[in-house]
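Notes follow once the structure below has been shown.
The values are calculated or read from the model by the stated rules, or taken from the named source; none is laboratory data. Worth saying up front: this structure is predicted, and the values here are computed from it rather than measured. Cβ placement follows ideal geometry from the backbone for every residue including glycine, while neighbour counts extend to all protein chains displayed.
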Amino acid sequence: MMTFMQYFENTTKRYFHGSRFQLPVGFKITPQKNGYTSHPETQKAERLLEKYRPTNKLSRSQSVFLVDDPELIDFAGGYEDYIYEVQPVGKVEKSDLSWYSEIESIPSGGIYLDSYEEEIKQCALNYWNDVPYYKPENSLFEYRTPAAIIIGQIMS
């Protein structure tokens, strides 16, 4: 159930999505099977985040990714070919991507992964629970939603 504050933020906040494709106003953006979360270079972090995802949170593989400032799309890993203002469809969840980056920086494989398990778990839980990164100057917030409708193109 959405709180009043979540509803207020969803209806007053501006959200943006970057794409490689030119799309019309009114187009409904949905999660892509071959999207960012399926790329080989992201599999370690994606697998670890999914392992600790609370059941009430949207899976990253079932999400459309948004930012609240179009200048942040590239930093958030989005495409800059076409930048759209969008209206989220369904709930919107906010996470600090710096926790994702922290997970990516942890040595992978074998004994290394086991020895960092508690650190990985804490980073993942911080990501899922919208905990700001401990270095505010490095925070980068992304928003996840099940779908989004394009309401305007701001760059091409």
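Pairs meeting the criteria (first residue in the stretch 51-76 and under 18 Å from PRO88 (Cα atoms) and touching a residue at least 12 places away in the same chain (Cβ under 8 Å), second residue surrounded by fewer than 19 Cβ atoms within 10 Å (Cβ to Cβ) and of a type in the set (Val, Ile, Thr), beta carbons under 9 Å, at least 6 apart or on different chains) are VAL64/THR30; VAL64/VAL89; PRO70/ILE154. Taking the numbered list (1) within 20 Å of ASN126 (Cβ to Cβ); (2) at pLDDT 95 or above in turn, ASP69 passes all entries but (1). Taking the conditions (1) over 29 Å from ILE120 (Cα atoms); (2) loosely packed, with under 12 Cβ neighbours inside 10 Å; (3) modelled with pLDDT under 95 in turn, GLU9 satisfies each one other than (2). Restricting the search to helices (runs of 4 or more DSSP H) fully inside the stretch 54-156 and requiring at least 2 residues that are of a type in the set (Gly, Ala, Ser) gives 97-105, 110-115.
Scanning the stretch 60-81 for any residue that is more than 16 Å from PHE16 (Cα to Cα) and either crowded, with 16+ Cβ neighbours inside 10 Å or touching a strand residue (DSSP E or B) at 6+ places or on another chain (Cβ under 7 Å) (or both) turns up at least one such residue. Note on the stretch 41-53: among residues that are of a type in the set (D, E, K, R) and part of a helix (DSSP H, G or I), the one that is modelled with the lowest pLDDT is GLU41. The set of residues in the stretch 132-148 that are crowded, with 16+ Cβ neighbours inside 10 Å and within 15 Å of ILE103 (Cα to Cα) comprises TYR133, LEU140.
Return yes when GLU85 is charged (D, E, K, R) and either closer than 14 Å to ARG47 by Cα or modelled with pLDDT under 95 (or both) and no when it is not. It is false that GLU85 is charged (D, E, K, R) and either closer than 14 Å to ARG47 by Cα or modelled with pLDDT under 95 (or both). Suppose the filter is among the small types (Gly, Ala, Ser) and at pLDDT below 95; does ALA147 pass it? So ALA147 fails the test.
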